[in-house]
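To start, the structure itself, in structure tokens.
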Amino acid sequence: MAPANEPFFITTAIDYPNSRPHIGTAFEKIGADAQARFQRMKGREVHFLMGNDENTIKVSQRAAELGLEPKPYVDDMARQFKEVWSALNVSNTDFIQTSQSRHHIGCRKFIQAVYDAGHIFKKKYTGLYCNGCEAFKTEKELVEGRCPNHQSQELKQVEEENYFFRLSAFEDRLLDYYRTHPEFIQPESRLNEIMNLVESGLQDVSISRKGFVWGIPVPFDEDQTIYVWFDALLNYITALGYGSDDETLYKKFWPADVHVIGKDITRFHCALWPAMLMAAGLPLPKTVYAHGFVYNKGLKISKSAGTAIDPMTVYETFGTDPFRYYFLKECVFGSDGNFSEERFTELYNSDLANNLGNLYSRTISMCVRYFEGNLEGSSAIDPVDWAGDLNLGELADELDGLVSRFEYSQALQTIWSQVLDRANRYIQNTEPFKLIKTDREACKVVLANLADAIRVTGILLKPFLPDTAEIFYGAFNFEASAPWTSLDFTQIAKPSTGRADYQVTAALTDGKPVPMFPKIQPPPEKP
RNA sequence: GGCGGCGUGGCUCAGUGGUAGAGCAGCGGUCUCAUAAUCCGCUUGUCGUGGGUUCGAUUCCCUCCGCCGCUACCA
């Protein structure tokens, strides 16, 4: 286990701000956020980076369409993105925009270093150029030999001198790295793809373009700007101040512990990026985690097909934690998942309303109703009954492993079956509502046990459903003996000794908690 | 075409060389503390197709069918 306070650096992919985020991008951020929150609980000092990828042709085109200069446009988009991430309770500690000067400075420093090391060379590129797009087109993009966006125009054979990165020179070193660091590419299924790719031979990649004003000028040839990936990937270090006057963060957090990315950009992160770092003589990230995609009822998310779903719509309808729960539980992080309102409703009602929310309600209600919320003398009760044969220490270990490996769905399933179902069953079996009539002390023992189950739930849900977890943990005076900010999974096994008697501190309305996940009606059947 | 993966009850999936499991949905029952929630029980499967290895395969091998990923610059 990593020592406490050891730095942990986690990143997500930077997004193109030529349109608003959709639930697929949200999936990535929530998955990364759960990991960030989990690592914080383990005592790590977490730096969690997100951001937008702004130095692209499409972005400047989009800005032009709206009659805006690129910078005000990307700044406004960044504001919108941050608004969404904030609504979803994503706990990033930094948000980089690649149009920021810190990124420009670091990029120029980096490319210069790689150039000086002799891994960049100039080469003539000949390709089909579309005047309408002001960009080169590849054979694959063409429709009947013409640009799909400008069918009326002929494409021209144009020659341009660009800078190339000698990626081909790194094949052996990359393969060697994969073999000696099998954990580098995750999940494992992606490793094979990348090994194949690299074994089949890498070509040098062009890393600059001529004649663009929006972008980062190449320091050793100011007529050229740095192109796409050689610019975008660098955000991971420029955000840490690489190449600036103050490299404190860089020294502290690089290399990254994990880059969380979409499966479609695996090769850039697992082949190009490490090669770039090797070329510059910098350390490589420890792991790259490629998550799956979210589909809309089986259809690929696409703006033009109308299958994109705005996270804010879902958020406004269902709330933050239900949103997070759906994606963390229903969509296995390393695989593809599906979104549908029907499934959302099912999962919400069964897992959140019926099991989780209701356990909270019935526990608090009984404590208030029977004991005015004061479980006097409960500090002397060892709440081991509710867990039965469940070993909470082992459960903590198991969950630690699952979450560390990004197996959130499995982790949540385990929490539900091992903790919540068990606690609900415990109520059914012990019948505190009957005990109160015959044996007040025995009833109190049961309720003290349930209070402990609430405490355990609050701790275990903290990385996934932060708001809900805090409500659970705040339901009783647990805070007095183990502060909310200092919790980690291992504490589920040890209700603090020498603690005060349990006392309900939950918010009440007319002596009852307000349902935290009011059931939602299933959407009407569509004919 | 090449490399890889998948195909298990209505849905989502787990799983093992000895003739299958979970959750959800559905059905029945139950308690009454609770958001008519909980808890208990039940129904459905030729484990894609055909063949092979084996005493025996859903699990190993091959064929076929279907689906999917990667095969260089879109999360």
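The values are calculated or read from the model by the stated rules, or taken from the named source; none is laboratory data. The structure presented is a predicted model; accordingly, all values stated were derived computationally and were not measured. When we count neighbours, we look across all protein chains shown, and the Cβ atoms used for this are built from the backbone with ideal geometry, even at glycine. Ligands, DNA and RNA are stripped out before the accessible areas are found, and what is left, the full protein with its side chains, is counted by its heavy atoms. Shrake-Rupley method; radii C 1.70, N 1.55, O 1.52, S 1.80 Å.
The H on the amide N of A:F293, modeled in the peptide plane, is under 5 Å from the matching H of A:D336, A:G337, each at least 5 residues off or on a different chain. Couplings 3J(HN,Hα) of the range A:96-113, computed from phi: 9, 10, 6, 8, 6, 5, 4, 6, 4, 4, x, 4, 5, 4, 5, 5, 5, 4 Hz, in residue order, whole Hz [Karplus 6.51 cos²θ - 1.76 cosθ + 1.60, θ = phi - 60°; x for Gly and Pro].
The modelled label-to-label distance for the pair A:V158/A:D245, using points 7 Å beyond Cα in the direction of Cβ, is 4.0 nm.
Taken over the range A:354-409, the percentage of Cα pairs per 10 Å bin, counting from 0 up to the bin with the maximum distance, is 18, 29, 36, 15, 1. Angle of helix A:23-41 to the longest C-alpha principal axis of chain A, folded into 0 to 90 degrees and rounded to 10: 60°. Quarter the surface of the alpha carbon convex hull of the range A:389-473 and you get the mean projected area, 5.8 square nanometres. In the range A:417-527 the Cα-Cα distances spread across 5 Å bins starting at 0 as 2, 10, 18, 20, 20, 14, 7, 4, 2, 1, 1, 0, 0 percent of all pairs. Here the relative contact order of chain A, from alpha carbon pairs under 8 Å that lie six or more residues apart, stands at 16 percent.
Placing A:W386, A:W229, A:W484 in order of accessible area, with the largest value first and a 1.4 Å probe, yields A:W229, A:W484, A:W386. Using only the alpha-carbon atoms, how far is helix A:440-460 inclined from the longest principal axis of chain A? Give it as 0 to 90 degrees, nearest 10. Result, in degrees: 10.
Counting only protein heavy atoms and using a 1.4 Å probe, the accessible area of A:H47 comes to about 20 Å². Extension gain for A:F121 to A:Q521 (0.36 nm times residue separation, less C-alpha to C-alpha distance): 137.7 nm. Remark on A:T287: its backbone amide H falls under 5 Å from those of A:V258, A:H259, a criterion applied only to residues 5 or more positions apart or on other chains, H modelled at 1.01 Å from N. Comparing the range A:285-418 with the 2.2 N^0.38 Å rule of thumb, its C-alpha radius of gyration ratio is 1.37 (two decimals).
In plain terms, the chain from A:R79 to A:D382 could stretch by 104.1 nm, reckoned as 0.36 nm per residue minus the Cα-Cα distance. At full extension, A:L66 and A:A493 could sit 148.0 nm farther apart than now, given 0.36 nm per residue minus the alpha carbon distance.
With N denoting the number of residues in the range A:170-288, provide Rg(C-alpha) divided by 2.2 N^0.38 Å, to two decimal places.
Working: Rg = 15.1 Å, N = 119, 2.2 N^0.38 = 13.5 Å.
Against the empirical 2.2 N^0.38 Å value, I get 1.12 for the range A:170-288.
When chain A is described by a simple charge dipole with +1 on each Lys and Arg Cβ and -1 on each Asp and Glu Cβ, the residue from A:T485, A:P285, A:Q428 located farthest towards its positive end is A:Q428.
Relative to the longest principal axis of the Cα atoms of chain A, helix A:421-430 runs at roughly 10 degrees.
Cα centroid distance between the range A:500-515 and the range A:336-351, in Å? Between the Cα centre of the range A:500-515 and that of the range A:336-351, the gap is 30 Å.
For the range A:359-426, what is the relative contact order in percent, using Cα pairs closer than 8 Å and at least 6 residues apart in sequence?
Rounded, it is 37 percent for the range A:359-426.
Convex hull volume of the C-alpha atoms in chain A, normalised per residue: 176 Å³.
Working from label points 7 Å from Cα in the Cα-to-Cβ sense, the A:S200 to A:T485 distance is 5.2 nm.
Working with all protein chains in place, sort A:D397, A:D76 by solvent-accessible area computed with a 1.4 Å probe, largest first.
Numbers: A:D397 105, A:D76 65 Å².
Solvent-accessible surface, decreasing: A:D397, A:D76.
What FRET efficiency comes out for the pair A:N354/A:D264, r = Cβ-Cβ distance, R0 = 45 Å, nearest 0.05? About 0.75, to the nearest 0.05. Mean residue ellipticity, 222 nm, helices only, chain A: the sum of -39500 (n - 2.57) across DSSP H runs of n ≥ 4, divided by residue count and rounded to 500, is -12000 deg cm²/dmol. Rounded to whole numbers, the Karplus 3J(HN,Hα) couplings from phi for the range A:267-275 are 5, 5, 7, 9, 10, 4, 4, x, 5 Hz, using 6.51 cos²θ - 1.76 cosθ + 1.60 with θ = phi - 60°, and x at Gly and Pro. Karplus-based coupling profile of the range A:237-243, in residue order and whole Hz: 9, 5, 5, 8, x, 4, x, with θ = phi - 60° in 6.51 cos²θ - 1.76 cosθ + 1.60 and x standing for Gly or Pro.
Tell me, how many Å apart are the Cα centres for the range A:433-467 and for the range A:257-329? So the two Cα centres are separated by 37 Å. Once all protein chains are placed together, A:L175 keeps about 20 Å² accessible to a 1.4 angstrom probe.
Annotation for the range A:382-424 versus the range A:192-232: alpha-carbon center distance of 47 Å. Legend: residue pairs A:K251/A:K286; A:K58/A:K210; A:K82/A:K286; A:K82/A:K519; A:K124/A:K156, Cα-Cα distance threshold 20 Å; pairs beyond threshold, A:K82/A:K286; A:K82/A:K519.
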